[in-house]
Amino acid sequence: MKKSLFSLAALLLAGFSATAQEVKYEEFDLDNGLHVILHQDNSAPVVTVGVMYDVGGKDLGGTPETGLRTGFAHFFEHLLFEGTQNIERGEWFKIVTSNGGSNNANTSLDRTYYYEVFPSNNLELGLWMESERMLHPVIDQVGVDTQNEVVKEEKRLRYDNSPYGQFLFAVSDNLFSKHPYKNKNIGEMSDLDNSTLEEFQAYFKKWYTPNNAALVIAGDIDTTEAKRLAKLYFEDIPSGEVPVRNFQKEDPITEAIDAKFYDQNIQIPAIITGYRTPGFAERDSYILNMISTYLSDGKSSKLYKKLVDDKKMALQAGAINIPQQDYSIYAIYGLPLGETSLETLLAEMDEEVVKLQTELISEKDFEKLQNKFENQFVNSNSSVQGIAASLATNYMLYKNTDLINSEINIYRNATREDIQAVAKKYLNPNQRVVLEYLPKKDEN
């Protein structure tokens, strides 16, 4: 299953997730609180059924008495494919593929999303399978033990043995001291090892309820029939008590935090500056998307052209806004080339930020920047699957389903002065972590 991952390679490939134009949809609530979103597109005989749960890596398992456990939401991303009362263990994927479909799931620190893509004549099958996942999952010791080994192997492959695989973890661990964003989304293996079956069962009961979820049905559907089927398969699932989060607020960072992290999988060090920035629904977070694109999107971007192309001081350099619901992370990074020191590279990176804070970017650069976002908007949500995910995300996390049509206006209405003001507000030396990401020292 595809996971929410962060590595140096992901930094280079990541961009902001835009939304498509003129997406029509309907939405309503079932009596048990499940929110349903329908999008009809009969251009191809394909349908996506997705369920997004308002639970992510920030939501810990266990109890204060037994100990709070990280990694539960990600663990359930795996566990809820084990089987149900009516789908035998190991049969889930066979049912999907034998009916011409595909499926996947992904977990972030803020939410979990499951979906199937089927030929449209199998809409009912997709709805039945997701209702089974919600109502009748088999959560037993065999499944827990099996998936515990799967998660351990994933952690080894994706993070422990991957160059720069601990990148985000090292930044988050220093940016956050109170909020659970300081924890790894995949969790600590000791937490999963020490968790009991009863703790997993209690976690499911708490978070995976219809009134803590959104169902999206998108593609080649008849909306009247889709409504009927949604009610048929989901309306009788009992609702639960909606969990209440009460995370501690982080104190502002007022003095730079210097940190080091050692990675046994690398030979070339990196320098990273990390800033704690607003949640992704805030307008300033959108402006930070623009700043990261300006600094590092493409070979003509400021950081790449200066440090990699012109001065040949870096192998790689870039910036990215990592969007999260409660606090986002803004990161600027560079890998030195040759004899360039991390200190020198940091000074060169900082120089570009100071320019943003003291000078308006040129009209030409600003026009190019807005054209990029306009182009992303026009070309986004090119698949029914992408539209389904955007609709669910906008409803669940942004509390505004219609962002799928209106989000581009935030970028269209931005100004050069906004870019300067946001850079001044958030990207200051006393508000950050400065992380030296270093090859692990030889212990011999």
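The values are calculated or read from the model by the stated rules, or taken from the named source; none is laboratory data. Bear in mind the structure is a predicted one, so any value in this text is a computation, not a measurement. For neighbour counting, all protein chains shown are included, and Cβ atoms are generated from backbone atoms with ideal geometry for every residue, glycine included. These area figures cover heavy atoms from the full protein model, side chains too; ligands, DNA and RNA do not enter into them. Shrake-Rupley method; radii C 1.70, N 1.55, O 1.52, S 1.80 Å.
So E407 fits all but one of (1) in contact (Cβ under 8 Å) with a residue 60 or more places away in the chain; (2) acidic (D, E); (3) closer than 20 Å to Y275 by Cβ; what number is the exception?
Exception for E407: condition (3).
Would you pick out the residues in the stretch 20-69 that are open to solvent by 20 Å² or more (accessible area, probe 1.4 Å), hydrophobic (A, V, I, L, M, F, W, C) and farther than 21 Å from L397 by Cα?
Scanning the stretch 20-69 gives A44, V46, L68.
For the stretch 280-299, does any single residue satisfy the condition of being open to solvent by 60 Å² or more (accessible area, probe 1.4 Å), modelled with pLDDT of 95 or more and touching a helix residue (DSSP H, G or I) at 6+ places or on another chain (Cβ under 8 Å)?
Looking for residues that are open to solvent by 60 Å² or more (accessible area, probe 1.4 Å), modelled with pLDDT of 95 or more and touching a helix residue (DSSP H, G or I) at 6+ places or on another chain (Cβ under 8 Å), one finds at least one in the stretch 280-299, hence yes.
Of the residues L315, L303, which is of a type outside the set (V, I, T) and under 18 Å from Q357 (Cα atoms)?
L303
When F377 is evaluated against the numbered criteria (1) open to solvent by 50 Å² or more (accessible area, probe 1.4 Å); (2) at pLDDT below 95; (3) more than 26 Å from L168 (Cα to Cα), which criterion, by number, is the only one it fails?
(1)
Would you call L345 in contact with an Asp or Glu (Cβ under 9 Å, 6 or more places away or on another chain) and surrounded by 20 or more Cβ atoms within 10 Å (Cβ to Cβ)?
In short, no.
Restricting to the stretch 70-87, name every residue that is open to solvent by 50 Å² or more (accessible area, probe 1.4 Å) and under 23 Å from N121 (Cα atoms).
Passing the criteria: only N86.
Could you list all residues from the stretch 124-166 that are surrounded by fewer than 16 Cβ atoms within 10 Å (Cβ to Cβ) and basic (K, R)?
Correct list: K152, R156, R158.
Quick one: would you say S362 is open to solvent by less than 60 Å² (accessible area, probe 1.4 Å) and under 22 Å from K299 (Cα atoms)?
yes
Quick one: what pairs do we get from the stretch 167-192, first residue small (G, A, S), second crowded, with 23+ Cβ neighbours inside 10 Å and part of a loop (DSSP other than H, G, I, E, B), C-beta under 6 Å, 6+ apart or different chains?
G187/T70; G187/G71
Considering Y437, Y327, Y398, which residue is touching a residue at least 60 places away in the same chain (Cβ under 8 Å), open to solvent by 20 Å² or more (accessible area, probe 1.4 Å), among the hydroxyl-bearing types (S, T, Y) and within 30 Å of A256 (Cα to Cα)?
Of Y437, Y327, Y398, the one residue that is touching a residue at least 60 places away in the same chain (Cβ under 8 Å), open to solvent by 20 Å² or more (accessible area, probe 1.4 Å), among the hydroxyl-bearing types (S, T, Y) and within 30 Å of A256 (Cα to Cα) is Y327.
Quick one: in the stretch 245-275, of everything that is of a type in the set (S, T, N, Q) and part of a loop (DSSP other than H, G, I, E, B), which residue is farthest from A347 (Cα to Cα)?
Across the stretch 245-275, the extreme among qualifying residues is N246.
When only residues in the stretch 173-231 that are among the small types (G, A, S) and open to solvent by 40 Å² or more (accessible area, probe 1.4 Å) count, which is nearest to the chain's Cα centre (by Cα)?
S177
With the requirement that a residue be of a type in the set (S, T, N, Q) and open to solvent by 10 Å² or more (accessible area, probe 1.4 Å), what does the stretch 112-123 give you?
Within the stretch 112-123, S120, N121, N122 qualify.
Quick check on my filter: what residues within the stretch 415-431 are under 10 Å from D284 (Cα atoms) and open to solvent by less than 50 Å² (accessible area, probe 1.4 Å)?
Of everything in the stretch 415-431, those that are under 10 Å from D284 (Cα atoms) and open to solvent by less than 50 Å² (accessible area, probe 1.4 Å) turn out to be D418, I419, V422, A423, Y426.
Which residue, of E154, E149, is more than 30 Å from R432 (Cα to Cα) and without any contact (Cβ under 8 Å) to a residue 24 or more places away in the chain?
None of the other options fit; the residue is E149.
Are there any pairs with C-beta distances below 9 angstrom linking a residue in the stretch 28-54 that is farther than 23 Å from N99 by Cα and free of Cβ contacts under 8 Å to residues at least 12 places away in the same chain to a residue that is open to solvent by less than 10 Å² (accessible area, probe 1.4 Å) and in a strand (DSSP E or B), with the two at least 6 apart or on different chains, and if so which?
Filtered contacts from the stretch 28-54: D29/V36.
Of all residues in the stretch 303-324, count the ones that are open to solvent by 40 Å² or more (accessible area, probe 1.4 Å) and either closer than 25 Å to E407 by Cβ or in a loop (DSSP other than H, G, I, E, B) (or both).
Looking only at that region, the number is 3.
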